[in-house]
Amino acid sequence: MTPSTSWYVTHVFQTYFALTRDQAEVKMREVHEQGRAVMSTGGRERMEVDVQAMHGYGLWATLQRSGE
Amino acid sequence: MSARLLGADDFAAPAELDRDARDHVDDVFRALAGLEESLAEPSDPAVRRVLPSASRDDHEIADEFRRLTEPDLRSLKVARLRTMWEQLSDEGAEWHVRLDEALATASALTDVRLVLAARLRLETDEDAERLHAEIDLASHAMDTDAHEDLGVDPERVWLGMLYQALTWLQESLLHCLMTGEEEQDV
């Protein structure tokens with residue numbers, strides 16, 4: 001997504017999802033180039049917590065059922 | 001000049017904040033908190049960027065998520081903006097951000113940038129590049145005192161410059177944050 005700077009996205013991914021800097025950069029590039037990346041998988045409640053956190057950081061996350 | 005941002009008809013702030021202006025600011029923050037509003041998908045594209053839908057195609061999921069999370073998200077975002085505003089309202093030429101507040105400050109800057117991006121209709125990298133070109137053209141015209149009509153909207157250029165300045169500010173803040181962390185790792 002254009003409005004978020006790459007360093008900010010990388011830092012949020014690194015901090016919130018406890019990724020290494022390299023892992024976070026790979027995800028950031030995936031989002032930038034493909035428009036999306038799967039950041040987290042699990043039960044509905046846990047996913048809602050993650051999506052809410054991303055919205056808190058100004059990053060657009062969505063919930064999706066597995067297999068879709 | 002007036003710039004339509006979030007619920008502000010005229011966002012041109014006075015050079016000095018008097019008591020009336022502070023009261024006005026309080027009203028703005030109260031309106032942003034807007035908890036009495038119905039929790040439906042916002043019609044304003046800028047608000048939709050700050051408080052996006054949690055599902056692209058399932059309205060039931062999106063509405064339920066909004067009902068459960070939007071009050072907390074609004075409070076979080078308003079509190080961060082208010083902290084930044086209060087820091088910027090302090091006397092003095094320098095703005096100090098503590099390391100433990102840096103991410104919250106970067107997130108507040110992100111929300112402001114999201115609103116500006118929506119008003120500037122920035123969707124893709126190409127849109128951003130076009131904006132940079134328009135600003136370069138306008139800056140060059142100002143430097144050379146050219147008076148010909150450039151076909152650029154001055155309000156768009158002004159908001160675009162603000163967007164660029166906030167982008168630079170956020171990047172430099174993140175630079176401090178990320179290099180600071182590397183040093184701590186060593």
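Annotations
- Conditions (1) surrounded by 11 or more Cβ atoms within 10 Å (Cβ to Cβ); (2) at pLDDT 75 or above; (3) closer than 26 Å to B:R156 by Cβ: number failed by B:A31: (2)
- Beta carbons closer than 9 Å, at least 6 apart along the sequence or on distinct chains, pair a first residue in the range A:42-68 that is among the polar types (S, T, N, Q) with a second that is surrounded by fewer than 10 Cβ atoms within 10 Å (Cβ to Cβ) for A:Q64/A:V38.
- Residues of the range B:104-126 that are facing chain A (nearest Cβ under 7 Å), part of a helix (DSSP H, G or I) and either among the basic types (K, R) or surrounded by fewer than 19 Cβ atoms within 10 Å (Cβ to Cβ) (or both): B:R113, B:D125.
- Checked against the criterion of being surrounded by fewer than 19 Cβ atoms within 10 Å (Cβ to Cβ), in a helix (DSSP H, G or I) and in contact with a Pro (Cβ under 8 Å, 6 or more places away or on another chain), the candidates B:R82, B:R67, B:R48 yield just one match: B:R48.
- Scanning the range B:154-164 turns up no residue that is touching a Cys at 6+ places or on another chain (Cβ under 8 Å) and among the small types (G, A, S).
- Spans of helices (runs of 4 or more DSSP H) in chain A with at least 2 residues within 22 Å of B:D72 (Cβ to Cβ): A:6-16, A:44-56
- Residue pairs whose Cβ atoms lie under 7 Å apart, sitting 6 or more positions apart in sequence or on different chains, and linking a residue in the range B:47-62 that is closer than 22 Å to B:S107 by Cβ and at the interface with another protein chain (Cβ under 7 Å from one of its Cβ atoms) to a partner that is in a loop (DSSP other than H, G, I, E, B) and of a type in the set (A, V, I, L, M), are B:A54/A:L63.
- Per-region count, the range B:127-170, residues assigned to a helix (DSSP H, G or I), away from every other protein chain (no Cβ under 14 Å) and in contact (Cβ under 8 Å) with a residue 12 or more places away in the chain: 10
The values are calculated or read from the model by the stated rules, or taken from the named source; none is laboratory data. Please read these numbers as outputs of a predicted model, since none were measured by experiment. FYI the Cβ positions are ideal-geometry reconstructions off the backbone, even for glycines, and counts take in every protein chain you see.
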